[in-house]
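A short worksheet on the structure shown next.
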Amino acid sequence: DAKTTQPNSMESNEEEPVHLPCNHSTISGTDYIHWYRQLPSQGPEYVIHGLTSNVNNRMASLAIAEDRKSSTLILHRATLRDAAVYYCILRGHYNAGNMLTFGGGTRLMVKP
Amino acid sequence: DTEVTQTPKHLVMGMTNKKSLKCEQHMGHRAMYWYKQKAKKPPELMFVYSYEKLSINESVPSRFSPECPNSSLLNLHLHALQPEDSALYLCASSQVKTSGRAGDTGELFFGEGSRLTVL
């Protein structure tokens, strides 16, 4: 699976929007962009994924650049509970066993 | 039930001990995974089981021995571990393949992990 690059850490104020960037310049045409997050003392949890079009769900929005070389996870109103490490992961459509290869992730800190 | 249950939550063992970590899911998933996570680092894949057969072993030392006795259970047997093996061990499960249908995320469901300390 292709590599992703994310900032090590970001800070946000509570109740403000947060934009978490991810660069994936070597993405292939069949790679899906997945986001997971890991809250303190928990296992990772799925947030959202997309292929080409922007996606929304109850947790977040995913904005994908037209050339697919970057994407942005958007939390519309950060809460203290959103403090976590956010991982941007590329997963090939034909990835054997649906496994995930985690990169470094972005540690999001939310200030009250 | 979308839970993956891991036991024990904490384990302390000596280098000569034999112990096991257990993982259980009842979502009908036929792919199960072991990941290892050191402090402040991302999870690293160790093993993948598909349809109860080992499909991926990421060059893990033989002192870690996985076992998938049935479609709901995954074990990790530990023997003669080293202090550097101390870490959080995460189990996950998923469908084997994503169908591609709308709403099918193919997501992995993770347990809360077993925190292992080797003395």
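The values are calculated or read from the model by the stated rules, or taken from the named source; none is laboratory data. These numbers were taken from a predicted model, which means no experiment stands behind them. Please note: Cβ atoms are built from the backbone with ideal geometry, for glycine as well, and neighbour counts cover all protein chains shown. We work out accessible area using only protein heavy atoms, side chains counted, and drop any ligands, DNA or RNA first. Shrake-Rupley method; radii C 1.70, N 1.55, O 1.52, S 1.80 Å.
Here are some notes:
- Yes/no for A:Arg77 being touching an Asp or Glu at 6+ places or on another chain (Cβ under 6 Å), loosely packed, with under 14 Cβ neighbours inside 10 Å and part of a loop (DSSP other than H, G, I, E, B): yes
Every residue, every condition in (1) open to solvent by 40 Å² or more (accessible area, probe 1.4 Å); (2) more than 12 Å from chain B (Cβ to nearest Cβ); (3) touching a residue at least 40 places away in the same chain (Cβ under 8 Å); (4) among the basic types (Lys, Arg), yes or no:
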{"site": "A:Met10", "(1), (2), (3), (4)": "yes, yes, yes, no"}
{"site": "A:Pro21", "(1), (2), (3), (4)": "yes, yes, yes, no"}
{"site": "A:Thr30", "(1), (2), (3), (4)": "yes, no, yes, no"}
{"site": "A:Leu39", "(1), (2), (3), (4)": "no, no, yes, no"}
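- Residues of region A:28-43 satisfying the condition of being more than 17 Å from A:Leu80 (Cα to Cα) and part of a loop (DSSP other than H, G, I, E, B): A:Ser28, A:Gly29, A:Thr30, A:Gly43
- Any hit, region A:78-93, residues being under 18 Å from B:Pro42 (Cα atoms), at pLDDT 95 or above and within 10 Å of chain B (Cβ to nearest Cβ): yes
- Test: residue in region A:51-58 that is touching a Phe, Trp or Tyr at 6+ places or on another chain (Cβ under 9 Å), part of a loop (DSSP other than H, G, I, E, B) and either touching a residue at least 12 places away in the same chain (Cβ under 8 Å) or more than 14 Å from chain B (Cβ to nearest Cβ) (or both): yes
- Verdict on A:Asp67 being within 14 Å of chain B (Cβ to nearest Cβ) and over 30 Å from B:Thr7 (Cα atoms): no
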